[in-house]
Amino acid sequence: MVIDAHAYLDSSASAASAAEAMHAYVQACGVDALLVANRPTLADGTARPDWDETEANLTCLTVCRACRNLFPLYWARPGRFDSHAYAFAGALSSEPFAGAILDPAHGEADPEQAVNLLSPYLGVLASLRLPAVLRTSVGREIPIETVVTLARRYPNVGLVVTAAGRGRGWTNTIDEIQRFMGRGDARLSVDVAQARPDDIVRATGELGAERLLFGTAGTLLDMPHAARCRELLEDLRRRLSPQKFALVAGGNAAQLFGLTEEGRRG
């Protein structure tokens, strides 16, 4: 089972047209399931400031219900006026979200401020035993030491670090995680978005294949991205052992997000 554990819908279109596009994308990129959040963006890739968090997540649910290969992740922007931990808890308790993508609305380089900003959301996830992808980007980076601290504080939350767009780069993120945690310490994983095949192969030995998830941070309506996704999977299949490939390509994500071999949520 091949799973893209970090992808985006980026849609305000009708659910029917979006679901049709999603089905075509799944076929094009060669995956069995996608964990997807609706993150409408501007031309520069930043989130649209006028897009309401609740509306974005309702659209995501509607599209995922129409396409069996899609599994919704709640897109939350801690620190924004339209993002509230109480609403977050209500949505995750009542709707079939497989987890969440935490996309902080502003930078919190100060460790204490970052912990204060994210803790209410991680507390909700801990109570529901759901995982989260923690998204940061240039200018909004949260120190890896702080991420490890949060992972230790909330051991019931499987926390996935995405290095996509990070100023420090993917390989530096791997190095920092090794520096601040041991192989058996905390439920912390890393997705492979924007990583080169050489670096991914190296990381399976340095960090462990059990801590890597195939995730592209891709926008699902982008067919050229689908071709790159298929190419990367084929490259990794050739270069990793069958056991390591199975973990990275989908096994780790299936266990973390509760997906079965049939592609349905367990």
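The values are calculated or read from the model by the stated rules, or taken from the named source; none is laboratory data. This one's a predicted model, so the numbers in the text were calculated from it and none came from an experiment. Positions of Cβ are backbone-derived with ideal geometry, glycine not excepted, and every protein chain shown enters the neighbour counts.
Are any of the residues in region 94-107 out of contact with any strand residue (DSSP E or B) (no Cβ under 6 Å at 6 or more places or on another chain), surrounded by 16 or more Cβ atoms within 10 Å (Cβ to Cβ) and farther than 18 Å from Pro131 by Cβ? Looking for residues that are out of contact with any strand residue (DSSP E or B) (no Cβ under 6 Å at 6 or more places or on another chain), surrounded by 16 or more Cβ atoms within 10 Å (Cβ to Cβ) and farther than 18 Å from Pro131 by Cβ, one finds at least one in region 94-107, hence yes. Would you check if there is a residue in region 37-57 being buried (at least 22 other Cβ atoms within 10 Å of the Cβ), among the polar types (S, T, N, Q), in a helix (DSSP H, G or I) and modelled with pLDDT of 85 or more? Yes, some residue in region 37-57 is buried (at least 22 other Cβ atoms within 10 Å of the Cβ), among the polar types (S, T, N, Q), in a helix (DSSP H, G or I) and modelled with pLDDT of 85 or more.
Taking each residue of region 179-205 that is part of a loop (DSSP other than H, G, I, E, B) and modelled with pLDDT of 85 or more and looking for partners that are among the polar types (S, T, N, Q) and surrounded by fewer than 22 Cβ atoms within 10 Å (Cβ to Cβ) with beta-carbon atoms closer than 9 Å, six or more apart or interchain, yields Ala195/Thr171; Arg196/Thr171.
Does Ala246 meet the test of being surrounded by fewer than 18 Cβ atoms within 10 Å (Cβ to Cβ), among the hydrophobic types (A, V, I, L, M, F, W, C) and free of Cβ contacts under 8 Å to residues at least 60 places away in the same chain? Against the criterion (surrounded by fewer than 18 Cβ atoms within 10 Å (Cβ to Cβ), among the hydrophobic types (A, V, I, L, M, F, W, C) and free of Cβ contacts under 8 Å to residues at least 60 places away in the same chain), Ala246 qualifies. Would you be able to say whether some residue in region 219-226 is in a loop (DSSP other than H, G, I, E, B), in contact with a strand residue (DSSP E or B) (Cβ under 7 Å, 6 or more places away or on another chain), under 22 Å from Thr146 (Cα atoms) and touching a residue at least 40 places away in the same chain (Cβ under 8 Å)? Scanning region 219-226, I find no residue that is in a loop (DSSP other than H, G, I, E, B), in contact with a strand residue (DSSP E or B) (Cβ under 7 Å, 6 or more places away or on another chain), under 22 Å from Thr146 (Cα atoms) and touching a residue at least 40 places away in the same chain (Cβ under 8 Å), so the answer is no. One residue stands out in region 124-149 among those that are within 13 Å of Leu102 (Cα to Cα) and assigned to a helix (DSSP H, G or I): the one that is modelled with the lowest pLDDT, namely Val147.
Restricted to region 206-233, and to residues that are over 14 Å from Val31 (Cα atoms), modelled with pLDDT of 85 or more and charged (D, E, K, R), which residue is surrounded by the most Cβ atoms within 10 Å (Cβ to Cβ)? Across region 206-233, the extreme among qualifying residues is Arg211.
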